[in-house]
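The values are calculated or read from the model by the stated rules, or taken from the named source; none is laboratory data. None of the values given here were measured: they were computed from a predicted structure. Note that each Cβ is placed from the backbone with ideal geometry, even for glycine, and that neighbours are counted across all protein chains shown.
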């Protein structure tokens, strides 16, 4: 499994990030698919203003040849996000691993997931 590379061995493209502050986190089997973080982690905004405590959102893109060459996007809300930047980065890596398991299995994902400790579930956090 290719991890956190600049260029994808699956499609030959350079992994894009919205800003330099977005960590380089990606996965690819080198043949059929890739998953990449393109934005985040960012604090989760409340509709009423401010931010949710200890929650961040990460935006990933994935491609699997089974679904065609088009990028699909998925947002992952990490609850119980660590305050320490290194620990938070580990959580994003863990979420990327869970997404990769779904993509590798050929499952088309929903648009939103919640990552709670070690569990990735479809839908928004409660």
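Residues in segment 36-49 that are part of a loop (DSSP other than H, G, I, E, B) and either surrounded by 14 or more Cβ atoms within 10 Å (Cβ to Cβ) or touching a strand residue (DSSP E or B) at 6+ places or on another chain (Cβ under 9 Å) (or both): 46 alone. Scanning segment 40-51 for residues that are touching a residue at least 24 places away in the same chain (Cβ under 8 Å) and over 12 Å from the mean Cα position of the chain (by Cα) yields a single hit, 44. Any idea which of (1) more than 16 Å from residue 120 (Cα to Cα); (2) crowded, with 19+ Cβ neighbours inside 10 Å; (3) in contact with a helix residue (DSSP H, G or I) (Cβ under 7 Å, 6 or more places away or on another chain); (4) modelled with pLDDT of 95 or more is the one residue 64 doesn't satisfy? Residue 64 satisfies every listed condition except (4). Scanning segment 110-119 for residues being in contact with a strand residue (DSSP E or B) (Cβ under 7 Å, 6 or more places away or on another chain) and over 16 Å from residue 44 (Cβ atoms) gives a total of 1.
One residue alone among 57, 25, 78 is in contact with a helix residue (DSSP H, G or I) (Cβ under 8 Å, 6 or more places away or on another chain), within 16 Å of residue 111 (Cα to Cα), surrounded by 12 or more Cβ atoms within 10 Å (Cβ to Cβ) and modelled with pLDDT of 90 or more, and that residue is 78. Scanning segment 81-109 for residues that are in contact with a strand residue (DSSP E or B) (Cβ under 7 Å, 6 or more places away or on another chain), free of Cβ contacts under 8 Å to residues at least 60 places away in the same chain and surrounded by 15 or more Cβ atoms within 10 Å (Cβ to Cβ) yields a total of 6. Scan segment 1-22 residue by residue and report those that are farther than 20 Å from residue 76 by Cα, part of a strand (DSSP E or B) and modelled with pLDDT of 90 or more. Residues satisfying the conditions are 2, 7.
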